[in-house]
1. Return the residue satisfying two criteria in turn: it lies in segment 67-86 and is hydrophobic (A, V, I, L, M, F, W, C) and under 23 Å from residue 23 (Cα atoms), and of such residues it is surrounded by the fewest Cβ atoms within 10 Å (Cβ to Cβ).
2. In segment 62-87, what residues are touching a residue at least 24 places away in the same chain (Cβ under 8 Å) and among the charged types (D, E, K, R)?
3. Within the set of pairs 6+ apart or on separate chains, which have a first residue in segment 115-141 that is closer than 22 Å to residue 78 by Cα and surrounded by 13 or more Cβ atoms within 10 Å (Cβ to Cβ), a second that is at pLDDT 95 or above and among the hydroxyl-bearing types (Ser, Thr, Tyr), and C-beta atoms under 8 Å apart?
4. Can you tell me which residue among 140, 101, 109 is over 23 Å from residue 58 (Cα atoms) and either in contact with a strand residue (DSSP E or B) (Cβ under 6 Å, 6 or more places away or on another chain) or among the hydroxyl-bearing types (Ser, Thr, Tyr) (or both)?
Amino acid sequence: MGCSQSWLAVNGKSPEAVLDELQLQVAPSDEQKGHAPHAARLPTGWYVVVSGVFDLRILSDETVQRLAQGCEVIRGSVEDNEMISVAEGWKDGRRVWSVTHDAGQGEEHLEVEGEPPSILASIHARLRTAQDAESGPVDHIFDVPVDLAKAVTGYHPDQTIPGVRFERLVERSWLRRIFAQQ
């Protein structure tokens with residue numbers, strides 16, 4: 001994969017509401033700087049907020065629980081230096097499912113909690129077959145959570161999405177927050 005990234009995709013809230021709850025705003029210019037978060041509306045209708053940092057503060061359980069009130073959120077993270085990938089489904093403020101691969105616990109490790117989408121079985125079977133066909137050290141199971149998140153939302157951290165333009169985000173300043181509340 002070649003990345004370290006966290007993201008969340010939201011279905012059922014406007015981009016403005018998502019950014020407001022995360023205390024983010026679209027940057028005045030779309031120039032990409034470092035690991036700045038960025039966001040886009042996907043063709044699937046999901047709104048995705050992405051960061052080049054694994055486990056970004058805005059993706060904490062508390063933040064996602066609050067954001068998932070009245071909607072659906074998929075939270076994902078990949079860290080290929082440690083070979084850890086995670087996808088979670090949240091709805092109405094609670095985590096409904098979670099799928100985690102941690103190569104440190106073994107090449108075949110896949111922890112599944114709750115009731116993930118039924119497509120997980122075919123994704124896992126496909127990648128398990130690819131894993132079995134390899135003669136060298138390749139970790140296809142790493143892709144199971146990522147491919148599951150993509151099947152639900154349309155977002156994959158290593159793939160471009162034709163016609164989708166990401167906007168750079170910045171944190172709202174405390175001064176803007178004060179004036180926005182008046």
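The values are calculated or read from the model by the stated rules, or taken from the named source; none is laboratory data. Quantities reported herein were computed from a predicted structural model and do not represent experimental measurements. Note that we place each Cβ from the backbone using ideal geometry, even for glycine, and neighbour counts take in every protein chain shown.
1. Taking segment 67-86 first, the residues hydrophobic (A, V, I, L, M, F, W, C) are 67-68, 71, 73-74, 78, 83-84, 86.
Adding the requirement that they be under 23 Å from residue 23 (Cα atoms) leaves 67-68, 71, 73-74.
Details: 67: 23, 68: 24, 71: 18, 73: 28, 74: 26.
Only one residue tops the list, namely 71.
2. Answer for segment 62-87, where residues must be touching a residue at least 24 places away in the same chain (Cβ under 8 Å) and among the charged types (D, E, K, R): 66, 72, 75, 79, 80.
3. Short answer, once both residue conditions are applied: 116/98.
4. Checking each option against the conditions leaves just 109.
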